[in-house]
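Structure first, commentary second.
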Amino acid sequence: MRPGRKLVVHRSLWPPFQFAFTFVCFAPTAMKLARDIPPRPAHNQEKAASSRLLPWRAAMLVAGIVFAAALFGHLTRPLGFLSTFWPANALLMGVMVRNPGWAGPLGWAGAAAGYLAADFAMGGGIGITLWLTAGNLTTASVGYLLFQRVSSPDRRLERPQSLLFLLLIAFAAAAAAATVGGGCLVVYFGQSPMQAFEFFLTSEFSSNLVVLPMVLTAPPLAELAKRLAAQAAPVGWRPNAILPGVALLASILVATAIGGTGAIAMPVPAILWCALSYGIFPTALLTFGLGLWQSTVLLSALTPGTPEYAAALTSHRFGVALFSLGPIMVAAINAARSRLLSELDLAANQDVLTRTLSRRAFLARSEAVLEQNLAESRPVALFMLDVDRFKLINDEFGHAIGDEVLATLAERISELLRRDDLFGRIGGEEFAILVSGLTQPATLALAERLRDGCARLRVPVGRAEPLALTVSIGVVWGTGGPASSLQHLLKQADDALYRAKRAGRDRVVDETLQAA
């Protein structure tokens, strides 16, 4: 929160002006500094030089982030009053929590420089600027220290109970900042100590709960780029996925047009729909945008200086703060439920040792794939693969080495298969693979690649020579028809595998698909 020189911006223009101004100021600086941070060098001397440069560049990046966020906060204040939304402190806290290596003396010095530069740029006096900067740094530093006391999953808000830690830390950091910086409002603005503490506390508390979830759950930039590319791809594009976001935007527009005290709650159904449809980070991002709207556009309807303004402002900020927890809590519970269902699915459908499909899962999914391919007249092929002389391996080296052989082979075969190919452990050392859409020559070529890939593996067996492995593969290929039932394919592939064993092992045998 910052006082400063009056900036006359027409009320209908200032929200878009905030976004444009922040983007123009911050984006080029952040991108350039991020590009300039060098990769970790190989040699010790270069590494030492890098360790001297990196803290300075990290401090510059922190200063740029704080400067841009502080300028943004300045643009949210009514004429002649303090900022209605101050994201800089929560953003700094989140950045330090996500990057503990930046939280050294230079990092905090860079943050202080960012605060001071932004306030002096807006015409702030020296005394009030230094005092409020101390309060701002208190929010970020106290929050950072408290976050170090919770587990890493809770810092990333991966569990429903993580929101309790977030709530307590956000309030404690806000209370500490109000204790340090509240006196500034008494001295420079003539507020009573209770009013000053209340104003500072609610401002920091609401900003913390609106901004922190977005920063703490944000994926790395490389991963975020991959997600966006996947969503933009024609295959990954689902028109229905945008409906919750469209509903949220529509509810915000309607609430803005209607106004009144109930406008803050109008987007509740839409934001909860978003929380159930998207992940934690997209929900946190949308909640941040919603909180920004609630803290600026809706709050602009209140008239500063009136007797009821202080009470209405306090009530509004507490409402925004606690409102922001709801969607994040729903998204966290939904994510935890999805993880649990995924774990149950793996336990039911995955072979524990080889991480391939279990026999039951392979047969069930193969039936569905076969039915679809028969309807589309696409060719299918079934491989039966067996580890040669596996019983001798178990007898000579023990079951632990035998398990290692199976796990190593399964991992190698998985690397050579396509994503849509089905790969399961049928029993013991025997595996089955179902592929579709390949010609017969391509199918045989794939089988040879699998055989050759397994033959190149070596499994360590203590002090003895690494164990060389071979596999025998039986293949049956066809283009549909009555003979393409799964049980018939399994029988013919098993016959081909038996022929490969009798012919000397370490080979592929193709069985022509025959009528049942």
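The values are calculated or read from the model by the stated rules, or taken from the named source; none is laboratory data. Quick caveat: nothing in here was measured; it's all calculated off a predicted structure. Heads up, the Cβs are rebuilt from the backbone with ideal geometry, glycines too, and the neighbour counts pull from every protein chain shown.
Of all residues in the range 375-419, those that are touching a helix residue (DSSP H, G or I) at 6+ places or on another chain (Cβ under 6 Å) and surrounded by fewer than 19 Cβ atoms within 10 Å (Cβ to Cβ) total 3.
Residues that are of a type in the set (Asp, Glu) and either closer than 15 Å to LEU92 by Cβ or outside the structural domain of ALA335 (by TED's automatic domain parsing) (or both) number at least 1 in the following helices (runs of 4 or more DSSP H) confined to the range 110-225: 193-217. Within the range 442-474, which residues are modelled with pLDDT under 90 and among the basic types (Lys, Arg)? Hit for the range 442-474 is ARG463, nothing else. Among the residues of the range 128-165, those identified as under 17 Å from GLY182 (Cα atoms) and not small (Gly, Ala, Ser) are ILE128, THR129, LEU130, TRP131, LEU132, THR133, ASN136, LEU137, THR138, THR139, VAL142. The strands (runs of 3 or more DSSP E) located wholly in the range 399-516 that include 1 or more residues which are of a type in the set (Ser, Thr, Tyr) and in contact (Cβ under 8 Å) with a residue 60 or more places away in the chain occupy 430-436, 471-478.
For the range 176-192, what are the residues that are surrounded by fewer than 18 Cβ atoms within 10 Å (Cβ to Cβ) and either aromatic (Phe, Trp, Tyr) or in contact with a helix residue (DSSP H, G or I) (Cβ under 6 Å, 6 or more places away or on another chain) (or both)?
Of the residues in the range 176-192, the ones surrounded by fewer than 18 Cβ atoms within 10 Å (Cβ to Cβ) are 179, 183, 186-190, 192.
The answer is VAL186, TYR188, PHE189.
Scan PRO55, PRO78 and give me the residue that is in a helix (DSSP H, G or I) and at pLDDT below 90.
Working: PRO78 fails: in a helix (DSSP H, G or I).
Unique residue meeting the criteria: PRO55.
For the range 384-398, how many residues meet the condition of being without any contact (Cβ under 8 Å) to a residue 60 or more places away in the chain and among the hydrophobic types (A, V, I, L, M, F, W, C)? Going through the range 384-398 one residue at a time, the tally reaches 2.
Here is a check on your reading of the model: is ARG365 more than 30 Å from the chain's Cα centre (by Cα), surrounded by 14 or more Cβ atoms within 10 Å (Cβ to Cβ), at pLDDT 90 or above and of a type in the set (D, E, K, R)?
On the way: more than 30 Å from the chain's Cα centre (by Cα): no; surrounded by 14 or more Cβ atoms within 10 Å (Cβ to Cβ): yes; at pLDDT 90 or above: yes; of a type in the set (D, E, K, R): yes.
When the stated conditions are applied, ARG365 does not pass them.
Filtered by the rule that a residue be closer than 24 Å to GLY73 by Cα and free of Cβ contacts under 8 Å to residues at least 60 places away in the same chain, the range 266-282 gives PRO267, PRO282. Within the range 341-368, residues that are among the polar types (S, T, N, Q) reach partners that are surrounded by 14 or more Cβ atoms within 10 Å (Cβ to Cβ) and part of a helix (DSSP H, G or I) with beta carbons closer than 7 Å, at six or more positions or on different chains, in the pairs ASN349/ALA361; THR354/LEU406; THR354/ALA407; THR354/ALA410; THR356/ALA410; SER358/ASN349; SER366/LEU486.
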